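Visitor: There's a structure below that I have some questions on.
The values are calculated or read from the model by the stated rules, or taken from the named source; none is laboratory data. Note that this is a predicted model, so its numbers are computed, not measured. Methodologically, a virtual Cβ is constructed for each residue, glycine included, from the backbone with ideal geometry; neighbour enumeration extends over all protein chains shown. Side chains are part of the model used for accessible areas, which takes the heavy atoms of the whole protein and leaves out ligands, DNA and RNA. Shrake-Rupley method; radii C 1.70, N 1.55, O 1.52, S 1.80 Å.
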Amino acid sequence: MTTSETTIDILTRLDIDTAARAFSRALEALDAAARKGLDRASIEPGLRELVRLRASQLNGCAYCVAQDALSVGEPIGRIAAVAVWRESPFFTARERAALALTDTMTQLAETHVPDADWRGAAAHLNPSELGALIALVVAINAWNTVGVTTRAWTPAL
């Protein structure tokens, strides 16, 4: 358990929701469009949250790391293992393919999305699912960019 004596305050740099209201609304619309695509493609809630968690870990977004995987029933062991998913036995081939694509998309400047990662994802996800996964990764990376840069939102424990 944490107390105010063992935690520190991370100061907000910019209230992006106020300073760039139209952009903030557009980002919310992008996220809503990604969610609709995930629903249409029937991407399971656990996989959605594991992908969001993984991108947020890579980007160092404290707010997004502290979000929703538990609320959709993901066991704490799988949530903790996302950081080391390649070495963990807790993920299916489909989940591994999605996490690999998440990693490579999130680290785009270094990876340029290698064909092997794309082929791995395409072997386990149909085109609708791939499209939905790409939208999800783009949306969470956008949220992470805003969150890390502005520290606009405080994570909840």
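Visitor: Residue check: is Val84 more than 20 Å from Ala41 (Cβ to Cβ), open to solvent by 40 Å² or more (accessible area, probe 1.4 Å) and not small (Gly, Ala, Ser)?
Guide: yes
Visitor: In the range 126-140, what residues are touching a helix residue (DSSP H, G or I) at 6+ places or on another chain (Cβ under 8 Å) and surrounded by fewer than 21 Cβ atoms within 10 Å (Cβ to Cβ)?
Guide: Ser128, Leu130, Gly131, Ile134, Ala135, Val138, listed by residue number.
Visitor: Still on this structure, please answer the following. Does Val113 satisfy being on the phi < 0 side of the Ramachandran plot, among the β-branched types (Val, Ile, Thr) and open to solvent by 10 Å² or more (accessible area, probe 1.4 Å)?
Guide: no
Visitor: To continue, here is another question. Please work out which residue is farthest from Ala32 (Cα to Cα), limiting yourself to the range 141-151 and to residues that are open to solvent by 20 Å² or more (accessible area, probe 1.4 Å) and among the aliphatic types (A, V, I, L, M).
Guide: Val148
Visitor: Can you give me the ranges of the helices (runs of 4 or more DSSP H) entirely in the range 38-157 with at least 2 residues that are within 15 Å of the chain's Cα centre (by Cα)?
Guide: 45-59, 62-65, 76-81, 93-106, 127-150
Visitor: Taking the residues in the range 13-70 that are surrounded by 12 or more Cβ atoms within 10 Å (Cβ to Cβ) and of a type in the set (S, T, N, Q) as candidates, determine which candidate is farthest from Leu101 (Cα to Cα).
Guide: Ser24
Visitor: Give me the pairs: first residue in the range 128-155 and over 11 Å from Ala55 (Cβ atoms), second residue of a type in the set (Asp, Glu) and open to solvent by 40 Å² or more (accessible area, probe 1.4 Å), beta-carbon distance under 9 Å, and six or more apart or on different chains, which are they?
Guide: Ala132/Asp39; Thr150/Asp15; Ala152/Asp15; Ala152/Asp17; Trp153/Asp17; Thr154/Asp9
Visitor: Being on the phi > 0 side of the Ramachandran plot and free of Cβ contacts under 8 Å to residues at least 40 places away in the same chain narrows it down to one residue among Gly60, Gly77, Gly73; which is it?
Guide: Gly73
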